[in-house]
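Everything on this sheet refers to the single structure shown next.
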Amino acid sequence: TFDVHYDDTTESITALVIATDRFDLVLGRTWLKKHNPLVDWVKNEVTLNIDGRMQKIKAVATD
């Protein structure tokens, strides 16, 4: 379990860590259903519903 911080909101997430070169992150159906994210693949942004407020998260490229 780890905490994720969105501005002034903190959410505890239980995760399973797996070794893979194929995926950066795999989100489960429970999390996806809770936050119902909107993905903008062109801008590399995800908009989430966090406690009734829309929060944008922008991906940062790492090489």
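Quick note: the coordinates plus some simple rules give every number you see, no bench work behind them. The structure presented is a predicted model; accordingly, all values stated were derived computationally and were not measured. With ideal geometry, Cβ positions are generated from the backbone for all residues, glycine too; neighbour counts draw on all protein chains shown.
Annotations
- The structure-derived value of Cα extents along the principal axes in Å appears in the list [x] 47, 25, 20; [y] 34, 30, 21; [z] 44, 21, 12 under the label [y].
- Close amide-amide hydrogen proximity is noted between Ile50 and Gln55, each under 5 Å apart and 5 or more residues distant or on a separate chain (H modeled in the peptide plane; Pro and chain starts excluded).
- On the beta carbon distance between Arg29 and Asp7, with R0 = 22 Å, the FRET formula returns roughly 0.30.
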